[in-house]
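The values are calculated or read from the model by the stated rules, or taken from the named source; none is laboratory data. Remember, predicted model here, so these are calculated numbers, not experimental data. Because the Cβ atoms are built from the backbone with ideal geometry, glycine has one as well, and the counts that use them run over all protein chains shown. The accessibility values were calculated without ligands, DNA or RNA, using every heavy atom of the protein model including side chains. Shrake-Rupley method; radii C 1.70, N 1.55, O 1.52, S 1.80 Å.
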Amino acid sequence: MEVKEIYQHKSKDIDSKIFKLDNGRLIIKHSSSQTEKLNIKQWEEINYIPDDYYLVDRELNKSEKRAIKRFISKIPDLDKERSLPEKLIDRVKGLFNL
């Protein structure tokens with residue numbers, strides 16, 4: 001896992017960052033004020049970079065690197081091949097919100 005790009009929110013009041021990994025995954029770290037106000041998780045995987053974020057030219061610090069590794073280890077690898085029964089079970093769980 002290597003972070004290729006870091007994006008930051010344009011607003012000074014919002015301290016959110018998006019990390020683009022070398023495999024194309026995008027991970028966002030919401031600011032603590034957003035997590036409390038909107039009742040969302042601090043770390044999430046997203047599909048695109050919103051327009052109100054800009055590219056920052058800097059390296060990861062140690063705490064960000066540890067937090068990203070911890071987050072990635074918790075989410076399942078979506079690229080992994082799953083068997084047909086596993087896919088069906090996931091679809092049924094999704095239908096019934098299990």
Select from region 33-56 the residues that are farther than 20 Å from Lys74 by Cα and hydroxyl-bearing (Ser, Thr, Tyr) and write down the one among them that is most open to solvent (accessible area, probe 1.4 Å). Tyr48
Mind counting the residues in region 1-23 that are open to solvent by 40 Å² or more (accessible area, probe 1.4 Å) and within 11 Å of the chain's Cα centre (by Cα)? 1
What are the residues in region 30-62 that are under 16 Å from Lys4 (Cβ atoms) and under 14 Å from the mean Cα position of the chain (by Cα), if any? Glu45, Ile46, Tyr48, Ile49
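Do you know which residues across region 57-88 are modelled with pLDDT of 80 or more and surrounded by 10 or more Cβ atoms within 10 Å (Cβ to Cβ)? Please lay out each step first, then the result.
Within region 57-88, the first condition is being modelled with pLDDT of 80 or more, and the residues that meet it are 57-73, 85, 88.
Residues satisfying the conditions are Leu60, Glu64, Lys65, Arg66, Ala67, Ile68, Lys69, Arg70, Phe71, Ile72, Leu88.
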